[in-house]
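The structure under discussion appears below in the form of structure tokens.
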Amino acid sequence: MKIAVVRGDGIGKEVIPQAVRVLQHYAPDAEYFEADIGYGKWERCGVGCDDDDIESLKGADSILFGAVTTPPDPGYKSVMLRVRKDLGLYANLRPVYGEGFNIMVVRENSEGLYSGIEEIGEERSTTLRVVTKKASERIARCACGILLKDFRNGTLTIGNKANVMKSDVLFRDTCISVAQEMGVPYRTAYIDALTFDAIQNPQRYDVIVTTNLFGDILSDALGHLVGGLGMLPSANIGDRHALFEPVHGSAPDIAGKGIANPIAAVRSAGMLLEHNGIRCQEEIEEAIAAVISSGMKTRDLGGTADTVSFANALMDRLSSGG
Ligand code: NAI
Ligand code: MG
């Protein structure tokens, strides 16, 4: 197995080395290589991610990705959007789980409001929201597949805003057709009310499929249920490639201090391993719970531990077999 490691910017550089320890624990014989992409590279070389970087990422079986800074400069092209596009990573899976709930946000990752088709002017700027039947069908199949495969026995929630945006009628109705065809129980919900309700009553939700921007916002908001962004892992899946990354960004406000919570990155590493057939998630979750209940927590969770001490404690648990 060949694994590409991208630390990226900010706290990506701090949490990814800790997550790599977990990868190496479970996959000591895998081949690891680092790819340098992100804003830091752009500052040094004038390009955040070049063709060679994309080629080397394509050579990996899976990619562990930290976070990259995207400055609000209109001239800067998002590295993350390029990677997702060039590698065909159309499905963004963002699990949020805790006591009594297990939600999987399945976010369409290739179009919607992140289509990148924009016209920027002094007086008027527009971003084109693209919804295609093909991409909606593809993501709906992925979401229904997760419901069926993982024996979740739940209902597919189709998050949309079709009452206001007609482009979402196509998304919603395509998802409904796929759910019917695959025999998956479904319901539709408007994304705004859905976000509030899922935070109030997470146990009512199972797989939630939605468009790009809505999925981005919904999954960050659901972080409230589990202690914050430092807890949320994700997978970006395509037909040929797979990239695993924490949901959080480069967190410039705490970068360089060594205090970032590595759990999101570690869980992303767990998703990577499971994707490659290595069972580990249960053990990793047990170890995380044990370390937290021993009183060791990073500051975002109300503790005082730094990134490395938390990871050391976690590795001790994993090495001693729980
Ligand atoms: P962010 O996720 O980096 O940070 C939001 C807040 O959560 C901050 O207060 C931060 O300190 C806290 N936080 C995030 N992860 C944490 C962790 N592991 N431990 C403790 N606290 C944590 O989002 P923000 O500030 O909106 O974006 C910062 C930069 O990251 C921007 O340039 C943005 O474009 C980029 N970004 C990149 C992503 C990616 O690479 N996939 C995803 C989201 C944002
Ligand atoms: Mg986000």
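The values are calculated or read from the model by the stated rules, or taken from the named source; none is laboratory data. This is a predicted model, so every value here is computed, not measured. Glycine gets a Cβ as well: all are built from the backbone with ideal geometry, and neighbour counts include every protein chain shown. We work out accessible area using only protein heavy atoms, side chains counted, and drop any ligands, DNA or RNA first. Shrake-Rupley method; radii C 1.70, N 1.55, O 1.52, S 1.80 Å.
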Some residue of region 194-212 being within 16 Å of ligand 1 (Cβ to nearest atom) and open to solvent by less than 30 Å² (accessible area, probe 1.4 Å): yes
Close pairs (8 angstrom Cβ cut-off, 6 or more residues apart or separate chains): of a type in the set (Gly, Ala, Ser) in region 212-232, in a helix (DSSP H, G or I) and near ligand 2 (Cβ under 10 Å from one of its atoms) anywhere: Gly223/Leu229
Residues (exposed (fewer than 13 other Cβ atoms within 10 Å of the Cβ) and at negative phi) located in region 271-306: Arg279, Glu282, Ala289, Ser293, Ser294, Thr304
Restricting region 109-149 to residues that are free of Cβ contacts under 8 Å to residues at least 12 places away in the same chain and part of a loop (DSSP other than H, G, I, E, B), the residue that is farthest from Val79 (Cα to Cα): Glu123
Count of region 62-81 residues which are open to solvent by 60 Å² or more (accessible area, probe 1.4 Å) and at pLDDT 95 or above: 0
Complete set of residues in region 239-255 that are more than 15 Å from ligand 2 (Cβ to nearest atom), open to solvent by 10 Å² or more (accessible area, probe 1.4 Å) and either in contact (Cβ under 8 Å) with a residue 12 or more places away in the chain or of a type in the set (A, V, I, L, M, F, W, C) (or both): Asp239, Arg240, His241, Ile254, Ala255
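Residue-by-condition table, conditions (1) part of a loop (DSSP other than H, G, I, E, B); (2) more than 16 Å from ligand 2 (Cβ to nearest atom):
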{"residue": "Ile3", "(1), (2)": "no, yes"}
{"residue": "Gly10", "(1), (2)": "yes, no"}
{"residue": "Ala60", "(1), (2)": "yes, yes"}
{"residue": "Leu64", "(1), (2)": "no, yes"}
{"residue": "Pro72", "(1), (2)": "yes, no"}
{"residue": "Leu93", "(1), (2)": "no, no"}
Candidate set: region 227-238, residues that are within 16 Å of ligand 2 (Cβ to nearest atom) and not in a helix (DSSP H, G or I); chosen: the one most open to solvent (accessible area, probe 1.4 Å): Gly228
Condition met for Ala287 (within 16 Å of ligand 2 (Cβ to nearest atom) and closer than 17 Å to Gln24 by Cβ): no
Residue within region 77-87 that is more than 16 Å from ligand 2 (Cβ to nearest atom) and in contact with a helix residue (DSSP H, G or I) (Cβ under 7 Å, 6 or more places away or on another chain) present: yes
Region 133-154: number of residues that are at pLDDT 95 or above and open to solvent by 50 Å² or more (accessible area, probe 1.4 Å): 5
Qualifying residue in region 208-215 (condition: farther than 16 Å from Ala143 by Cα, away from ligand 2 (no atom under 16 Å from the Cβ) and not acidic (Asp, Glu)): no
Positions within region 12-35 being under 23 Å from Lys77 (Cβ atoms) and either assigned to a helix (DSSP H, G or I) or free of Cβ contacts under 8 Å to residues at least 24 places away in the same chain (or both), in sequence order: Gly12, Lys13, Ile16
Failed criterion for Ala260 (all others in (1) crowded, with 24+ Cβ neighbours inside 10 Å; (2) aliphatic (A, V, I, L, M); (3) under 22 Å from Ala311 (Cβ atoms); (4) not assigned by TED's automatic domain parsing to the domain that holds Ala313 hold): (4)
